Structures are given as structure tokens and as C-alpha cells.
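The values are calculated or read from the model by the stated rules, or taken from the named source; none is laboratory data. Being a predicted model, the structure only gives us computed values, none of them experimental. Reconstructed Cβ throughout: ideal geometry from the backbone, glycine too, with neighbour counts over all protein chains shown.
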Amino acid sequence: MKVLRTGSAGTQTIKIIPRVYATTLTIKLRDNSTNEITEFVLVPSFPPADPPAVQKVGNYLEITALFTLVENRFYDLTIYNGILNLTDLDIIYKDKIFCTDQFINQNTNSQYSINNGEYISEEAGNNDYIII
């Protein structure tokens, strides 16, 4: 599962290991809440964009695009090789995406919290109890 930020964060980069390395891709995002499908077509540009929309880096295929996502929703990600007459045989990658604006970094143990900003603990208290 990939974790992405909402569209307010600008362009996002997804790193994948596809079945086939391609430069012309069709990306379909299906919102699990509304069942809406959003389609992106990424083709090489001349001169190349900075950063390029699709590039192979090592064993990864890096896809850079501006995805319009809604916070706290899940999406199904399907990436196809090509742009015309797409079939299931053209699928080179499938995954799920969760969208959040929380900062997540596993190296610093900063993890996603469903209660972020909801629960505030008070440090001050006298711990007095009344027993009847």
C-alpha cells in the first residue's frame, strides 16, 4: 500500500516495480468511497519535463504527477502499459493508496494516527478520588 498526500501538497512521486518498464502509461485511480474512476495518461514530452513524468531509476519506475486526492480515503491504483485499447493483459502494476496530510516517517518513528488532533491529554491534575 502506498501513502500519498492530498493534492494541496503539489506533485507526488510514486515508486513502483512494474511487470514491464514503460514510458507511456495510463493510470486509473478508483475512489473506494464514491466508486469514481480518475484516469491519467502520461506520455514522454519533448523536451523532457523537469522532473520527467515517468523515468526508470535503478529497478524502480518513478511516476511524478499531480493527483487530486481526498484526505482519509482509500484508492485502487491500476497502471496500464499504453494508452489505447487497454485490456487486463496491459496491466503492469496494481496497488492500494491511502491519502493523508499527516507527516509519516518510519525512520523517526512518526506514524499515522487516526486520532491525530482529536485527543488532547492534560498533564496537570491532582489525582484526587472520592470513595463513598
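Among the residues of the stretch 72-81, is there at least one that is surrounded by 10 or more Cβ atoms within 10 Å (Cβ to Cβ), at pLDDT 70 or above and more than 30 Å from TYR21 (Cα to Cα)? The answer is yes, given that some residue of the stretch 72-81 is surrounded by 10 or more Cβ atoms within 10 Å (Cβ to Cβ), at pLDDT 70 or above and more than 30 Å from TYR21 (Cα to Cα). Checking each residue of the stretch 36-53 against the condition of being surrounded by 15 or more Cβ atoms within 10 Å (Cβ to Cβ), touching a Lys or Arg at 6+ places or on another chain (Cβ under 9 Å) and at pLDDT 90 or above gives no match.
When the residues of the stretch 23-35 are filtered to those that are within 14 Å of ASN81 (Cβ to Cβ) and either touching a Cys at 6+ places or on another chain (Cβ under 9 Å) or polar (S, T, N, Q) (or both), the one that is modelled with the lowest pLDDT is THR23. Note on the stretch 53-95: no enclosed strands (runs of 3 or more DSSP E) hold 2 or more residues that are of a type in the set (Lys, Arg). Just one residue in the set LEU61, LEU69 is crowded, with 17+ Cβ neighbours inside 10 Å, within 12 Å of the chain's Cα centre (by Cα) and within 18 Å of LYS2 (Cα to Cα); that residue is LEU69.
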